[in-house]
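Encoded as structure tokens, the structure appears first; notes follow it.
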Amino acid sequence: MRSLMSLVVLLLIEGQCCLGCAVDEEQRPLVTYLLNKMIQSTTAPKALPNPSILLALRLARDHSLITEKRLLKQLSKDAVDLVQNQIHGSPLTNYYQLGLCVLTLCQLQGRFSPSQIANLFIPEEKKYTLGDVFSVDTAALAVLAQICVQTTDNAIPPEANKTITANVHWLLKKILEQKSTDGVIGNFYSTGEAMQMLARILTEIPKGTFNNPMAAAQLVPSLEGRTYLDVKTIDCSKDAENLTLTTPPPTTPQQSTHSITVTYTVTDSVDHTFTYSTTVSVPMGSVFLTVMKAAQKEDPEKFRYQFRLQGDQFTYEQTTWGPYITSVRGLKADNSKRTYWQLLSGNTPLSTALSPMLLQSLLGLAVSINNLPLGSPGAEGWLLRAVPAEQQWLVTDLQTQLVNSVNPQGLPDPSILIALNLAGDQNSNVKKQLVQQLKETATKEIVFAFLPAEMTSGKVALYVLALRSSCENLDVTTPGNNVNLVHVLEEKTKEELNYFYDHGTPKTTFYQLALDTLALCVEKSPEVEMAAITLAKAALANDFVHGEYFSVDTAAMASLALTCVYDGILTTQQSKIVGAIQEALARITKQILGEQQSSGIIGNIYSTGLAMQALSVTSEFYVSGAWSCVKTLDKVLNEINLGVFSNPAAASQILPSLVGKTYLDVKSITCSSENVHYTIINDLVGSYFKYSITVNVPKDSVLLAVLEAAQRAKPSEFSFETEETSWGPMVVSINGIRASTNEKTYWQFFSGKTSLQQGTS
């Protein structure tokens, strides 16, 4: 609301022009086209007055005074209504709105402290970053606001002036870093506010990229060689009615004769209360709204929704960027809780609104309720965060702590790799190192399975989950053999169950049996059913007790495992064990809730992480309010700040919940892959040969992964052996032909015709 009020006030100020990257006369029809698009949008039925459009029209060279006066009258009335209806005021929600407020105060020569403003905009990534994405919009407004402060007639303390200059230099550097090879900064819409890359933008206007009036309103000032700073210099006395208006021809909706199939998913990514998917058929060229309507028609209970707009049978309300979702399945976006509904194609957030996005090919679309980050320009935020934005740095520090804990010389912890992958950590080198260490350790411990170093079932389960979360193949190489970790896990789980039948307790612990069940479920192993039944029986028999105390860790892990199986049963309609699992989940959930403390801790501080994961996926088994999620989160964040989670194992269990994920999300991690053509040639010794094969490996795999995939596919032709060196594994034999120091032969690797300088790992 403050951002709208800021723009309304700005429109009432007088002024004139300044320099910029204006279009030449040959390109002016493109600007006229955008101006007409904006004006036409203001005459649409039930269109809300948009201050950004009037601001752009006032900054343009050519004017439609009738339109501008009409808009000004509408906005003035709307501003009065906003003030009269505002009870407690509107809180400052993000740095985009802060930039608008400072810019407005500056243009009006209002009262403000330059020193305070300089300190408010001191560079911090979290101020201008939405999750992992730098917000060009927010940074551009911050630059405009601070330049305005520097160029006022009021005296600025030297230290404040120095700070503002440093702030602006940092922001401009960050903005220019967002420039892609095609000239766009951030995205097409933020490029307008960044005022750059004119030629590239002009090619997009005829394509309709800026037909949205809000997008056009942000771009036009740049095309006219102006910025929002020029509002105070506009000279209204020189305005002329010189804009050529066009009337859009009447159009008849064209229904495509071709259809496409779209997979549509709705997800509650905050409290994890539901995830539903369906496949619908819509005409090619449909907008996202068409998909939503088709899904709602097919199953109104699962896919009902509401928009901010008046029309149809739904409750709508318009926004300056067009309609956006406010409710799905009765779950409303909530400004006070900073949640919003996000549109995605695959895993990619959509930058276009509901209406402009045309579907031309097979797509997977999703709508997900998420938390709004601090740096976003409004309710159309971007990324999921379960933690308040102002405390997000605690999560980042925790993630960094996990990355730094990885020791090339130490034993690898699979829980750390799982946590980093669920958090979407981008440190690929550390994750590759962990994967390599896990595979090497698994190989050693499987080879010496009968020595004290034998891997327990729970450890194998963690290795399976960790490697799966990294999209790695679950085969490990032993001398003369390949061993699949899922098969190892299945055998070890059988040992656990057989021991349970004989002794009434697992071979290890119920915690490890729960891990086994979860990993088998993620891998869709046929052995998971018996493990789940045994786990459910143990839960109903109150077996999750250590000494005299109920084990929250064990119960939470069992809850995650049984939920995974429960979801699979409902999907496949195999209901013979669903009753027992439902009863067990209800019992476990009640017991976990019974361990809540007044501080928000569940069990103890270290069991709270797993408990949070468990309660977030079992909400159907307890009434609303039974778990004080906010209190638990606040307590955990406070303890992180005190260094309580400095131990990597503890940090790895708490991190997933802080990014809105659980161990169940391992099964839904999208693994991109690529085909690699692999050829081996021997034309020096023994029987010559040349064999070729095409294998599919995860994207960004190391060369060793290609060799392993080829060996699995055709071991008679692509077998190989390695030896450990200080540089990592070195290939010493392929297809039985060994490198020889005496004969001065070795195996050399090429990419195309270029010799590779790095090793296989």
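The values are calculated or read from the model by the stated rules, or taken from the named source; none is laboratory data. If you're wondering where the values come from, they're calculated on a predicted model, not measured in any experiment. All Cβ positions, glycine included, derive from the backbone under ideal geometry; neighbour counts span all protein chains shown. Just so you know, the surface numbers come from the protein's heavy atoms only, side chains and all, with ligands and any DNA or RNA stripped out. Shrake-Rupley method; radii C 1.70, N 1.55, O 1.52, S 1.80 Å.
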>> If a residue must be more than 19 Å from L465 (Cα to Cα) and open to solvent by less than 60 Å² (accessible area, probe 1.4 Å), how many such residues does the range 402-426 contain?
In response: 2
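Of the residues V262, V280, V266, V291, which is in contact with a Gly (Cβ under 8 Å, 6 or more places away or on another chain), at pLDDT 75 or above and more than 30 Å from E177 (Cβ to Cβ)? If you could, list the steps in order and put the result at the bottom.
On the way: V280 fails: in contact with a Gly (Cβ under 8 Å, 6 or more places away or on another chain); V266 fails: in contact with a Gly (Cβ under 8 Å, 6 or more places away or on another chain); V291 fails: in contact with a Gly (Cβ under 8 Å, 6 or more places away or on another chain).
Residue meeting the stated conditions: V262.
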>> Given the condition more than 24 Å from L57 (Cβ to Cβ), modelled with pLDDT of 70 or more and in a helix (DSSP H, G or I), answer yes or no: does some residue in the range 176-198 qualify?
In response: yes
> Are there any pairs with C-beta distances below 7 angstrom linking a residue in the range 22-47 that is more than 12 Å from A217 (Cα to Cα) to a residue that is at pLDDT 80 or above and open to solvent by 50 Å² or more (accessible area, probe 1.4 Å), with the two at least 6 apart or on different chains, and if so which?
Replying inline: none
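Every residue, every condition in (1) open to solvent by less than 80 Å² (accessible area, probe 1.4 Å); (2) more than 19 Å from the chain's Cα centre (by Cα), yes or no:
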position: T670; (1), (2): no, no
position: V676; (1), (2): yes, yes
position: V685; (1), (2): yes, yes
position: K690; (1), (2): no, yes
position: S701; (1), (2): yes, yes
>> So A118 passes all but one of these: (1) of a type outside the set (F, W, Y); (2) outside any helix (DSSP H, G or I); (3) open to solvent by less than 50 Å² (accessible area, probe 1.4 Å); (4) at pLDDT 75 or above. Which condition number does it fail?
In response: (2)
>> With the structure loaded, tell me whether S646 is more than 22 Å from A536 (Cβ to Cβ) and at pLDDT below 90 or whether it fails that test.
In response: yes
> Quick check, is F550 open to solvent by less than 20 Å² (accessible area, probe 1.4 Å) and among the hydrophobic types (A, V, I, L, M, F, W, C)?
Replying inline: no
> What number of residues within the range 573-601 satisfy the criterion of being surrounded by fewer than 16 Cβ atoms within 10 Å (Cβ to Cβ) and outside any helix (DSSP H, G or I)?
Replying inline: 8
> Are any residues in the range 142-159 surrounded by fewer than 18 Cβ atoms within 10 Å (Cβ to Cβ) and part of a helix (DSSP H, G or I), and if so, which ones?
Replying inline: I147, Q150, P158, E159
>> Can you tell me how many residues within the range 427-441 are crowded, with 17+ Cβ neighbours inside 10 Å and either of a type in the set (V, I, T) or assigned to a loop (DSSP other than H, G, I, E, B) (or both)?
In response: 3
> Which of the residues belonging to the range 505-539 are open to solvent by 50 Å² or more (accessible area, probe 1.4 Å) and of a type in the set (A, V, I, L, M)?
Replying inline: M530
>> Can you say whether V545 is open to solvent by 20 Å² or more (accessible area, probe 1.4 Å), of a type in the set (V, I, T), modelled with pLDDT under 90 and touching a Ser or Thr at 6+ places or on another chain (Cβ under 7 Å), as far as the supplied structure shows?
In response: yes
>> Checking the condition more than 25 Å from the chain's Cα centre (by Cα) and either open to solvent by less than 40 Å² (accessible area, probe 1.4 Å) or at positive phi (or both), which residue from V644, V666, V659, V636 passes?
In response: V644
> Any idea how many residues of the range 711-745 are of a type in the set (F, W, Y) and either at pLDDT 80 or above or outside any loop (DSSP other than H, G, I, E, B) (or both)?
Replying inline: 2
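Those residues that are part of a helix (DSSP H, G or I) and touching a residue at least 60 places away in the same chain (Cβ under 8 Å), I need them from the range 458-500; list them, please. Even if it seems obvious, please write down each step before you answer.
Applying the first criterion (part of a helix (DSSP H, G or I)) to the range 458-500 yields 458-469, 485-500.
Scanning the range 458-500 gives L465, R468, S469.
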>> Tell me yes or no: at least one residue of the range 616-632 is charged (D, E, K, R) and within 27 Å of the chain's Cα centre (by Cα).
In response: yes
